[in-house]
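The values are calculated or read from the model by the stated rules, or taken from the named source; none is laboratory data. Quick caveat, the model's predicted, so the values are computed rather than measured. Backbone-built Cβ (ideal geometry, glycine too); neighbour counts: all protein chains shown.
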């Protein structure tokens, strides 16, 4: 089910390319804004990521191509009434379907793509069909910094980059007047992301799903000063005679509005926009002609450079031939080494076979030893039993010896007594009587 307007909020990060929109999208995402599941991967020129919804981006690119093969850096005006034509209707239907699938259950969602500045007329109808009122974070940056960044990344000349900057700023400002919006410079965002996000929340009446303090370590790690590679002071911009006055005036108006915390002066923008159109045509023609002359000079220099490169390539080819010969020799050496490796592998296989046979013999010996160990254990057990029986016999023998000793003692005592009796006087006196008694006893026995 898609949230109603009162339940769901949509944040649109809009601004010229290279103006900090990627950084803003990432920070809002860390604060709980759903930006979708399929995001454009980072590249060398933006290693921390673009934080753009890839499906939305694809539809924007397709729309510009179908309108007349427009590119992201095109400074040509879009066709008149393009937003009510069949191409826009087709893309609008696909966009609405995408957003319902992607964000239908999200209380707060958003997206960023600098192309939105030029395609906002399409988004008016998309938002109406969704029943969603967007909130705009309008990013801007010093135009010379933008031009410097585009020169490094894309090789753009100054005139084209400044024209694109003016075009994005004017179209974005004009087409977002009907929505709640807040103006943010890349400089202030880099300097204090916490204050900037608090300003956005206050101006757009948004409560972040995730408190800033909870995500502060991640935000600080992401928002490092190196994120902004080109830095040009406002004073340097003002003093640069190559920059048209209408560009300086437009940037000054943006800086003043942000500094004072006031709404963008629409009347001044309208008046400035009207004045700028004619100057833009002159600057566009003059600047582009100058750029073309510069390109011609550059082409001339490039031809000389190409000739030098041709000579260098010839020398490199000769060196390459030498290297190829050396590589061929190395290949022969490697083939010989491969043969040696194969021979050693065969030896190793033979050694492995011998080791396997020895392992088998050792295993058999281990089995025999185990069997002997079992027999020894049985003999030890039998010996233990015999030892126990011997202990019992020794104990019985000791008892018998004790009894024998006691009997011998009694016998000795009786012997002593008998000897005493035999030596006694009474025994001698009674001797005749004992003789008579024995005689009588013997006669009785015989009779």
Item to check | Selection within region 152-173 - closer than 12 Å to residue 74 by Cα and part of a loop (DSSP other than H, G, I, E, B) | outcome: 156
Next on the checklist: So, in region 50-89, exactly how many residues are surrounded by 15 or more Cβ atoms within 10 Å (Cβ to Cβ) and touching a helix residue (DSSP H, G or I) at 6+ places or on another chain (Cβ under 8 Å)?
Outcome noted: 21
Item to check | Failed item in (1) part of a helix (DSSP H, G or I); (2) under 30 Å from residue 237 (Cβ atoms), with residue 213 passing the rest | outcome: (2)
Checklist entry - So, in region 219-235, of the ones that are outside any loop (DSSP other than H, G, I, E, B) and loosely packed, with under 13 Cβ neighbours inside 10 Å, which residue ends up modelled with the lowest pLDDT? => result 226
Checklist entry - Restricting to helices (runs of 4 or more DSSP H) lying wholly in region 1-109: which have 3 or more residues that are in contact (Cβ under 8 Å) with a residue 24 or more places away in the chain and over 20 Å from residue 125 (Cβ atoms)? => result 21-30
Item to check | residue 92 vs. criteria surrounded by 17 or more Cβ atoms within 10 Å (Cβ to Cβ) and modelled with pLDDT of 95 or more | outcome: yes
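Is it the case that residue 196 is at pLDDT 95 or above, touching a helix residue (DSSP H, G or I) at 6+ places or on another chain (Cβ under 8 Å) and either closer than 19 Å to residue 123 by Cβ or surrounded by fewer than 20 Cβ atoms within 10 Å (Cβ to Cβ) (or both)?
Values: at pLDDT 95 or above: yes; touching a helix residue (DSSP H, G or I) at 6+ places or on another chain (Cβ under 8 Å): yes; either closer than 19 Å to residue 123 by Cβ or surrounded by fewer than 20 Cβ atoms within 10 Å (Cβ to Cβ) (or both): no.
So residue 196 fails the test.
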